[in-house]
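Worksheet: one structure, shown below.
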Amino acid sequence: MARGRADTGLEAGAAPAERSSVRSWQRLLRPTAGLTTVEAIRPVLDDWLGRKHGSLSFRVTQVLSRHGCFSKYLCRIEREPNARCHHCVHCGEDTAQHTLAECVAWEEQRRVLTNEVGGDLSLPAVVRKMVDSTELWDAVVSFCEDVMSQKETAEREREILLTSFPNRRRRTGRRRRADNTLFRPP
């Protein structure tokens, strides 16, 4: 029986098929993109799927997937001119791991997080802690919500100020539709 699940007749009958499905997913989860996330979740996949607590928010997903308001990611998709951290001067690259474990701008939030989950803030360690209990899951969610919302606000402010980098500008509404008409075939 998986941790956190009740033993009912229906679940007991489905358990072999479910275990087989989990093993299949573990074998299939071999991507090139998102490999860090997959490698963090794979060892605890059964616990992750069987947990009775926690849900993924947009901001937690950003940290787990490494996609979001991280300059390295924004540079890769050509929305930032470089990957440097805007929140501290000590880092060459702003990554999800830098945000989670190193950036001095988030020391207070990190202190609260490490008081709950311990000092190892590698993604596999954080994911292991998340599946352990509601309290640990909530500590990670709290960190992600607080820090990522501040990073999003800072990114919006930079978007307003840095209009000279054309890929930073988001095209919406009529402007986007007008731009699209320029590229239609004759």
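The values are calculated or read from the model by the stated rules, or taken from the named source; none is laboratory data. What you are looking at is a predicted structure, and each value in this text was computed from that prediction instead of being measured. Here Cβ is always computed from backbone atoms with ideal geometry, including for glycine, and neighbour counts include all displayed protein chains.
Considered as a group, the residues in the range 63-77 that are aliphatic (A, V, I, L, M) and in contact with a helix residue (DSSP H, G or I) (Cβ under 6 Å, 6 or more places away or on another chain) include one that is surrounded by the most Cβ atoms within 10 Å (Cβ to Cβ), and that residue is VAL63.
None of GLU80, GLU155, GLU116 is touching a Leu at 6+ places or on another chain (Cβ under 7 Å), surrounded by 15 or more Cβ atoms within 10 Å (Cβ to Cβ) and farther than 30 Å from ASP46 by Cα except GLU80. Which of the residues belonging to the range 66-80 are within 16 Å of the chain's Cα centre (by Cα) and either assigned to a loop (DSSP other than H, G, I, E, B) or in contact (Cβ under 8 Å) with a residue 60 or more places away in the chain (or both)? Listed by number, the residues that qualify are ARG66, HIS67, GLY68, CYS69, PHE70, LEU74.
Could you tell me whether LYS52 is of a type in the set (Lys, Arg), surrounded by 14 or more Cβ atoms within 10 Å (Cβ to Cβ) and in contact with a helix residue (DSSP H, G or I) (Cβ under 9 Å, 6 or more places away or on another chain)? Taking the combined requirement at face value, the residue does not satisfy it. If you take the residues of the range 10-43 that are under 20 Å from ALA96 (Cα atoms) and at pLDDT below 70, which of them is surrounded by the fewest Cβ atoms within 10 Å (Cβ to Cβ)? The selected residue is THR32.
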